[in-house]
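One structure below.
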Amino acid sequence: MTAKTHHRLDLSAVLASVIVALVLVALKLWALAVTGSLAVAASLADSGLDLMVAIAGLAAIVYAARPPDEDHSFGHTSAEDLAALGQAVFMAASACVIIWAAVRRLTGDEPVTLTAEGRGIAAMIVSIVLMLALVAWQHRVARQTGSRVVAANSMHYLGDLFPNIGAILSLAASGRLGMHQIDSECAM
């Protein structure tokens, strides 16, 4: 496989990540508006970070494809390593924000009642399907090209499945069992 083919595959995987992240942000904004769920809000925050990371990954892939020059005699591929590191930092930061928001809601005086849980569950299921399709494509591309950015992005989206499943479970527990506090607990 040529370097140009590798670049095209890597670019397609990162562009797919940007598009999926945009769709997920819009979908989860809607789900948050109709449900008021902190678990959905946490997932939305994560998707917002995913969008920023995907855009940074896109920039890294484009930059890394540049040929060697006087300042970079071995090329620009280290940009991919920096983008992969950046993804790890964003993942850690998002976890801290989610935990802070959940603790704040759990220790607050007013109980929170969720609404339209069924719509929120549907939005989260669509999110999971989109993420699984993206992860499948990114795994394929990462295997073929060896791109660390694509592999890191794929692992991040795979990890995002768990909070989405947690959001579904918390919405179901809230709607069917009246367990509204579980929403904050699942967000953590």
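Numbers at a glance
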{"read-out": "Selection from Val20, Val129, Leu171, by position along the positive dipole direction of the chain (Cβ)", "value": "Val129"}
{"read-out": "Environment charge at Arg104 (Cβ cut-off 15 Å; Lys +1, Arg +1, Asp -1, Glu -1)", "value": "-3"}
{"read-out": "Test item: Cα-centred dipole of the stretch 3-187, Lys/Arg +1 and Asp/Glu -1 on Cβ, debye", "value": "500"}
{"read-out": "Structure-derived Cα Rg over 2.2 N^0.38 Å: which label, when the choices are [x] 1.15; [y] 1.20; [z] 1.03", "value": "[x]"}
{"read-out": "Cα shape, the stretch 96-187, gyration tensor, a/c 1.5 rule", "value": "oblate"}
{"read-out": "Under 12 Å, Cβ to Cβ, from Gly166 - net charge with Lys/Arg +1 and Asp/Glu -1", "value": "-4"}
{"read-out": "FRET efficiency for Ala136 and Ala33, using Cβ-Cβ distance with R0 set to 30 Å, rounded to 0.05", "value": "0.50"}
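Coordinate-derived values only; no laboratory data. This structure is a prediction, so every number in the text was calculated from the model and none was measured. We place every Cβ from the backbone using ideal geometry, glycine too, and count neighbours over all the protein chains shown.
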